[in-house]
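To start, the structure itself, in structure tokens.
The values are calculated or read from the model by the stated rules, or taken from the named source; none is laboratory data. Just so we're clear, the structure is a prediction, and the values are computed from it rather than from any experiment. Virtual Cβ from ideal backbone geometry, glycine too; neighbours counted across all protein chains shown. In case anyone asks, the SASA skips ligands and DNA or RNA and just uses the protein heavy atoms, side chains included. Shrake-Rupley method; radii C 1.70, N 1.55, O 1.52, S 1.80 Å.
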Amino acid sequence: SRVGYPQRYPHDQFVRRYGILNPKAIKNSRSDNDASSSLVYAISRTVYEGVLGEDEQKDEHGHLDLHNVGIQVGNSKVFLRSKAFEVLERLRGQKMSAAAVIVQTHTRRYFAQIEYW
């Protein structure tokens, strides 16, 4: 049953998990559904390049074709193909690692100052 889109997230869970990738996209959203749609469109170009590694193809309205990206936004869930999921997880891991390095830097600085004084 999960052959086409094996990863599925309710809108609120998708925003909580991947909101770190583009916080500006979800800042002014009124609902989780709006926030997840805004987030998907904001990160779709990066995911497209990670999945296919080529220039983007747009539909007749000038929007990025999300079907080729491997992401679909439904009424209650966001559906991800395996490749899109892998790219999102890699990007999320990079952001989390960068945040951890910043926390470690400030912690080490704090302890070095205490030891110096």
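Selection of the stretch 16-37 for residues being surrounded by 14 or more Cβ atoms within 10 Å (Cβ to Cβ) and assigned to a loop (DSSP other than H, G, I, E, B) yields 22, 29.
Looking across 26, 20, one residue alone is within 12 Å of the chain's Cα centre (by Cα), at pLDDT 90 or above and among the aliphatic types (A, V, I, L, M). It is 20. Restrict the check to the stretch 86-94 and report whether at least one residue is modelled with pLDDT of 95 or more, more than 14 Å from the chain's Cα centre (by Cα) and in a helix (DSSP H, G or I). The answer is no, given that none of the residues of the stretch 86-94 is modelled with pLDDT of 95 or more, more than 14 Å from the chain's Cα centre (by Cα) and in a helix (DSSP H, G or I).
Taken as a whole, the condition of being on the phi > 0 side of the Ramachandran plot, at pLDDT below 85 and open to solvent by 60 Å² or more (accessible area, probe 1.4 Å) applies to residue 53.
Considered as a group, the residues in the stretch 95-117 that are closer than 30 Å to residue 45 by Cβ and hydrophobic (A, V, I, L, M, F, W, C) include one that is nearest to the chain's Cα centre (by Cα), and that residue is 96. Looking across the stretch 67-81, the residues that are open to solvent by less than 10 Å² (accessible area, probe 1.4 Å) and either on the phi < 0 side of the Ramachandran plot or assigned to a strand (DSSP E or B) (or both) come down to 69, 71, 78, 80.
Filtering the stretch 1-17 to residues that are modelled with pLDDT under 90 and of a type in the set (D, E, K, R) leaves only 2.
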